[in-house]
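Structure first, commentary second.
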There are 2 protein chains.
Amino acid sequence: MPTLSARGLAVPPSPIRKLVPLADAAKARGVKVFHLNIGQPDIETPAVMRDALRSFDEKVVAYSPSGGTDALRRTLLDYYAGIGVPLSPDQLLVTTGGSEAIHFGMAAAMDPGDVILVPDPMYANYISLAAVLGVTIVPVPTKVEDGYRLPLDWEPYLTPKVKGVLLCNPSNPTGAVYSADELQAVVDFVIRHDLYLFADEVYREFVYEGPLPPSLLTVPALGDRLVVVDSLSKRYSLCGARVGCLVTRNAGIAAGAMRLAQARLSPPLFAQLLGSKATALAADYFDETRETYRRRRDIVVDALQAMPGVVVARPEGAFYCMARLPVDDAEAFARFMLESFSHEGHTTMVAPGGGFYAQEGRGRDEVRIAYVLDEGELRQAMECLRLGLEAYNNR
Amino acid sequence: MPTLSARGLAVPPSPIRKLVPLADAAKARGVKVFHLNIGQPDIETPAVMRDALRSFDEKVVAYSPSGGTDALRRTLLDYYAGIGVPLSPDQLLVTTGGSEAIHFGMAAAMDPGDVILVPDPMYANYISLAAVLGVTIVPVPTKVEDGYRLPLDWEPYLTPKVKGVLLCNPSNPTGAVYSADELQAVVDFVIRHDLYLFADEVYREFVYEGPLPPSLLTVPALGDRLVVVDSLSKRYSLCGARVGCLVTRNAGIAAGAMRLAQARLSPPLFAQLLGSKATALAADYFDETRETYRRRRDIVVDALQAMPGVVVARPEGAFYCMARLPVDDAEAFARFMLESFSHEGHTTMVAPGGGFYAQEGRGRDEVRIAYVLDEGELRQAMECLRLGLEAYNNR
């Protein structure tokens, strides 16, 4: 048989999804699985969006424009204006989720062998999306002990192949929200060396301490070096619809991304239909959600910190934390929880941490936890985790 | 500013979509534009699919499985069984349109610099999707004079870098349906040299002469060399929904495509919801559509053949034809039609042919025409085209 591609083989299985068959098997045995492995919020999709489906009365489900429907584009331009980011229409491209925005932005800016610096641990899919494009991720180590702070001096990471920095802020998977000083250090670095700054801000509203930090799009000095990745998935609990956007003032990147967008014809129509209703949401739409997640965060982090040997930083944003567990192999532990453990008919699914690190060998005793269930379920899930750790280490 | 990527710059603008701003401007001037530039059928999406939207009653628009919802996967497995192709579930992956299936298949099989042989002219987006991945397309010339027949001897195209052949059958953009002999020559070639055969069969049911040809999936000898790209867009008039699939018996390609699929989380949920209703369609669903397109084809081809200096082959399938026009520059002509011409308040938009050729310089006096409007509109569109050609050459 013909050989597989090296790049295809370099794409790792998703640490978020690869244990799903074990979860399915557990469910088939009658075990209820608390899914803390995936950032799938249980927050209801706004009714005004779901109702939009019922109002669809076209006879033909036709292609939409490659850059998005007029209605969604207006909604997104309004949203950005509302967060202090006036945009011209050609600076925004609607994408099939944030994933496609990352793919388009990276492909338009970077060639095979180009290096992108990414704080490690990182959103696991960056590793896969970069591998497909042959882009080299050089991890910038951050650690749980100081809450995953960024370096204030990026110069040691500069090499001739470095072409950009990719930040996720608030961070998936750590929950870190970067300070003005941390961000300024990155901004100075990319300007000094004329690099791209890719900013994944899909959790922009999910910040639990202090005021919402401004988008990097409000930093004029970044100019055409900035490429912002955004998604409606978490903001409006629209994960399954698949809609996001790419925002940049770099006309070359915008035009390149548009040519890539034309090659896939259009973003999904119904996702755009739902997303376009965001303007109908009340101004305080996020306040309640934010408060919900703040309480959930505290339940999870308090429970983790009470477990012997667990190390975790209290996240300031997003709805994840990374936790170091007192286990030899967090993936073996995650499998154990699905295959061999249950407590009162329940178990907890977590994502093995290794897959969130680009640096080989890191994260093997860590897991990523998404606090996306209600408070009662989270308490049960944490109790399962606590007992599971005991059982695993006594097995 | 940082440089753009070479690969991004190598992605051409879509010949199908790049003149859309001119069409919008014409419409703003009150001109009705007959869109023969894009394969957007006017056939109604089946009501059973549109009605499915109204029945959606989940409170959360959640991620679906990376490989597709169970309901759609069952529907597709049934569909394939119905065309004589029994599949195991791991041989089918649901994708975000056929475009993503091409991207996944190519990425899993081919590295930068690998060569794929593709009959020229070809579906324009192959050129873009290959450019993103650094895959080299080597065009295999076909020509209007013999109805775009394939070579029966592929050996002259073999070089050490050739790793596969990509066929679109029925062909977009030529409408050619390949004979058993033509296909056997390709099958023998890929088996002899252990190459991949990528088969884009999204127009499988759109064949106007003789019985429907069997899918290449019915050729056992191809084994794990075959990767089939499919889409529900044309078959069920679901273009805007964005749903298709990748089918292969190659376990390595299937696994690689699944890892790529995990990196984009899931295909669009509502597209899958609609697609899963295909099982509810009557057995003769395609018969009426096929008859509709056969009549449209004849209207368009008869009209084209009656125009002085126009060369066109009568297509056997899909809903496109390539036509050579008596003009110096078909793109300039297409622009002229939108910018400077109208007849009784109407004009016709066609796709310039050059963008459908990977071989530089070919197709400059050709256009692609999609016969996707009703018979009355097609007659008007052809009359506009006839008069537009006269006006262009007399300007």
(message) What distance in nm lies between label points placed 7 Å from Cα along the C-beta direction at A:Asp90 and A:Glu58?
(response) 2.5
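If you filter the range B:239-345 for GluC sites (Glu not before Pro), then keep DSSP loop positions with at most 13 other Cβ within 10 Å, what is left?
Numbers: sites: B:Glu288, B:Glu291, B:Glu316, B:Glu331, B:Glu339, B:Glu344; in loops: B:Glu316, B:Glu344.
Within the range B:239-345, the qualifying GluC sites (Glu not before Pro) (loop, at most 13 other Cβ atoms within 10 Å) are B:Glu344.
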(message) Between the range B:308-365 and the range B:230-274, how far is it from one alpha carbon centroid to the other, in angstrom?
(response) 32
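Please state the relative contact order of chain A as a whole percent: Cα pairs under 8 Å, 6+ residues apart? Before the final figure, lay out the partial values.
Numbers: 773 pairs, mean separation 101.4, N = 395.
The normalised contact order for chain A reaches 26 percent.
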(request) Specify the residue with the greatest mean-square fluctuation among A:Leu117, A:Leu36, A:Leu212, computed from a Gaussian network of chain A linking alpha-carbon atoms under 10 Å apart. (result) A:Leu212
(request) Find every distance from the label point of B:Asp78 to the corresponding label point in the other copies (7 Å from Cα along Cα→Cβ) and write them in nm, one decimal, shortest first. (result) 4.1
(request) Take peptide A:185-197, look around each residue's Cβ out to 10 angstrom, count Cβ atoms belonging to other protein chains, and average those counts. (result) 1
(message) Placing the label point 7 Å from Cα along the Cα-to-Cβ direction, what are the distances from A:Gly376 to the equivalent spots in the other copies, shortest first, in nm to one decimal?
(response) 6.1
(request) Work out the charge dipole of the range B:48-280 with +1 on the Cβ of Lys and Arg and -1 on the Cβ of Asp and Glu about the Cα centre, then indicate which of B:Ala257, B:Ala131, B:Leu273 is farthest towards its positive end. (result) B:Leu273
(request) Give me the angle, in degrees from 0 to 90, between the Cα long axis of helix B:285-305 and the longest principal axis of the Cα atoms of chain B, rounded to the nearest 10. (result) 30
(request) Report, in deg cm²/dmol and to the nearest 500, the calculated mean residue ellipticity at 222 nm for chain B, where each DSSP H run with n ≥ 4 adds -39500 (n - 2.57) and the sum is divided by the residue count. (result) -11000 deg cm²/dmol
(request) Could you tell me how many degrees, from 0 to 90 and to the nearest 10, lie between the Cα long axis of helix B:251-263 and the main elongation axis, the longest principal axis, of the Cα atoms of chain B? (result) 70
(request) Filter the trypsin sites (Lys or Arg not before Pro) in the range B:18-77 down to the DSSP loop ones having no more than 13 other Cβ atoms within 10 Å, then list what survives. (result) B:Arg29, B:Lys59
(request) Select from B:Gly223, B:Gly363, B:Gly210 the residue whose mean-square fluctuation is largest in a Gaussian network model of chain B (Cα-Cα springs shorter than 10 Å). (result) B:Gly210
(request) Between the label point of B:Glu44 and that of the same position in each other copy, find the distances and list them shortest first in nm, with every label point placed 7 Å from Cα along the Cα-to-C-beta direction. (result) 3.4
(message) For the range A:22-90 and the range A:158-196, what is the centre-to-centre distance using only Cα atoms, to the nearest Å?
(response) 28
(request) Could you tell me which of rounded, prolate or oblate describes the range A:47-280, using a ≥ b ≥ c as the square roots of the eigenvalues of the alpha-carbon gyration tensor, with rounded for a/c under 1.5 and, failing that, prolate when a/b is larger than b/c and oblate otherwise? (result) prolate
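In the protein assembly as shown, what % of DSSP beta bridges are antiparallel (nearest 5)?
On the way: 40 of 84 bridges.
Approximately 50 percent, going by the DSSP bridge assignments.
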(request) Return one number: the angle in degrees, 0 to 90 and rounded to the nearest 10, between the long axis of the Cα atoms of helix A:124-133 and the longest principal axis of the Cα atoms of chain A. (result) 50
(request) Report, in debye and to the nearest 20, how large the dipole of the protein assembly as shown comes out about its Cα centre when Lys and Arg carry +1 and Asp and Glu carry -1 on their Cβ. (result) 60
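Where in the range A:152-249 are there GluC sites (Glu not before Pro) that are in a DSSP coil and have at most 15 other Cβ atoms within 10 angstrom of their Cβ?
Details: sites: A:Glu182, A:Glu201, A:Glu205, A:Glu209; in loops: A:Glu201, A:Glu205, A:Glu209.
Counting only loop positions with at most 15 other Cβ atoms within 10 Å, the GluC sites (Glu not before Pro) in the range A:152-249 are A:Glu209.
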(request) Identify which of A:Gly147, A:Gly376, A:Gly98 has the largest mean-square fluctuation in a Gaussian network model of chain A, with springs joining Cα atoms closer than 10 Å. (result) A:Gly376
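Read-outs throughout are calculated quantities, based only on the coordinates presented, and are distinct from any laboratory measurement. Just so you know, these numbers come straight off a predicted model, no measurement behind them. Methodologically, a virtual Cβ is constructed for each residue, glycine included, from the backbone with ideal geometry; neighbour enumeration extends over all protein chains shown.
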